[in-house]
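The values are calculated or read from the model by the stated rules, or taken from the named source; none is laboratory data. If you're wondering where the values come from, they're calculated on a predicted model, not measured in any experiment. All Cβ positions, even for glycine, are placed from backbone atoms using ideal geometry, and neighbour counts span all protein chains on display. For accessibility, only protein heavy atoms count, side chains too; no ligands or nucleic acids. Shrake-Rupley method; radii C 1.70, N 1.55, O 1.52, S 1.80 Å.
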Amino acid sequence: FTFSSTANFGVFFGSGAPTLQAAQGSVYLRSDGAPYYNTDGSTTWAAIGSSLGAPVTKTADFSLGVAENWIINNRAATNTATLPAASSWSGRIVTMSTIQAQTVVSASSNVVPLVGGAAGTAILAGTAGKWATLVSDGTNWVIMAGN
């Protein structure tokens, strides 16, 4: 059903495979966890009861993908991650690990360290087995947990 004031507000079945979607403006909740793409190409979505996807291994510098939430860095050199704008992903959670004794850094100064302070580029120290969970606060990516 939708409300008469706007077609972008309501609860309805998605097209294709059966999905339940709830929409209000440009924010969509989908039962199948698939993203909803807006007309400008951006993605706004939240999944109901879906997984965060499978881990993805990176062997070169990379840009974090829309559905990438678990990153394993396996590069024999510093790995540079281009994170999406934190303002576009408020609340998104990403966990990164490194299996080589190499650092992982952000391409921008948008990562707040685990101990707090000013945003910088450091994500993971150059020690195999290091990991960090980053959460977007709408301004930066904040390291909320790690070793």
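Listing for the model above:
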| quantity | calculated |
| --- | --- |
| Looking only at the stretch 127-137, and only at residues there that are surrounded by 14 or more Cβ atoms within 10 Å (Cβ to Cβ) and small (G, A, S), the one that is farthest from L64 (Cα to Cα) | A132 |
| Options A67, A54, A60: the member that is farther than 21 Å from L114 by Cβ, surrounded by fewer than 18 Cβ atoms within 10 Å (Cβ to Cβ), at pLDDT 95 or above and aliphatic (A, V, I, L, M) | A60 |
| Qualifying residue in the stretch 99-119 (condition: open to solvent by 50 Å² or more (accessible area, probe 1.4 Å), more than 18 Å from G146 (Cα to Cα), modelled with pLDDT of 95 or more and not polar (S, T, N, Q)) | yes |
| Pair list, Cβ under 6 Å, 6 or more apart: the stretch 74-85 residue under 18 Å from G138 (Cα atoms) and open to solvent by 30 Å² or more (accessible area, probe 1.4 Å), other residue modelled with pLDDT of 95 or more and assigned to a strand (DSSP E or B) | T82/S63 |
